[in-house]
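Derivation of every value follows stated rules applied to the coordinates shown; laboratory data play no part. Keep in mind that what you see is a predicted model, and the values were worked out from it rather than measured. Virtual Cβ from ideal backbone geometry, glycine too; neighbours counted across all protein chains shown.
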Amino acid sequence: MKLFGITGWKNSGKTHLMERLVVEFKNRSLSVSTIKNAHHGFDVDQPGKDSFRHRQAGAQEVLVASEKRWVLMHENYNELQPTLTDLIKKLSKVDLVLVEGFKQDKHPKIEVVRKDLDRDLIANSDPTILALATDAEIPIDKTCLDLNDTIGIANFIGDYLEL
């Protein structure tokens, strides 16, 4: 499986770019999975539902399945957050895994930078960031891609990964 990341500061547009890239790579007949890093507690379950009640009762894992989809929820009671490598091992084999977040990990990435966000560039201190996807003019010795050019960004990733 090939791996490529989309990173950037909060509210920079990472998720919107991820959505567009998934559609573009699927249009190219590639199988795609995604991994998203969340920096806070989150819940994909609904209070009152059976699976929520199973977790609340203390189940380590709850698997919910139907004819349309299945999901496995795992509680990290006394465990550290799993590493990106650990999470990738849980995925079925696909052509491409797109990763949102995981700034500290050492996989190839594009940093999303908006002109109205006043933050230091992550790319200045992270050599794994190969390019910026931006709507601004940024003086940097890295490739700058038009944030709104999904095909161009997908071509950059595809060329780099030899997809």
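Of all residues in region 52-82, those that are of a type in the set (D, E, K, R), assigned to a loop (DSSP other than H, G, I, E, B) and over 25 Å from the mean Cα position of the chain (by Cα) total 1. When restricted to residues that are of a type outside the set (Val, Ile, Thr) and either surrounded by 16 or more Cβ atoms within 10 Å (Cβ to Cβ) or in contact with a His (Cβ under 7 Å, 6 or more places away or on another chain) (or both), region 21-37 contains 6.
Restricting attention to region 111-163, the residues that are of a type in the set (D, E, K, R) and under 25 Å from LEU30 (Cα atoms) add up to 5. Could you say whether any residue in region 31-47 is farther than 18 Å from LYS90 by Cα and in contact with a helix residue (DSSP H, G or I) (Cβ under 7 Å, 6 or more places away or on another chain)? Scanning region 31-47 turns up at least one residue that is farther than 18 Å from LYS90 by Cα and in contact with a helix residue (DSSP H, G or I) (Cβ under 7 Å, 6 or more places away or on another chain). Restricting the first member to region 1-30 and to residues that are part of a helix (DSSP H, G or I), and the second to residues that are of a type in the set (D, E, K, R), the beta-carbon pairs closer than 7 Å and six or more apart or on different chains are LYS14/GLU100; THR15/GLU100; MET18/GLU100. For region 62-109, the tally of residues that are exposed (fewer than 15 other Cβ atoms within 10 Å of the Cβ) and in contact (Cβ under 8 Å) with a residue 60 or more places away in the chain stands at 2. Only one entry of ASP141, ASP120, ASP159 meets the criterion of being more than 19 Å from ASN11 (Cβ to Cβ) and in a loop (DSSP other than H, G, I, E, B), and that entry is ASP141. Within region 110-130, one or more residues are touching a strand residue (DSSP E or B) at 6+ places or on another chain (Cβ under 6 Å), within 14 Å of LEU3 (Cα to Cα) and buried (at least 17 other Cβ atoms within 10 Å of the Cβ).
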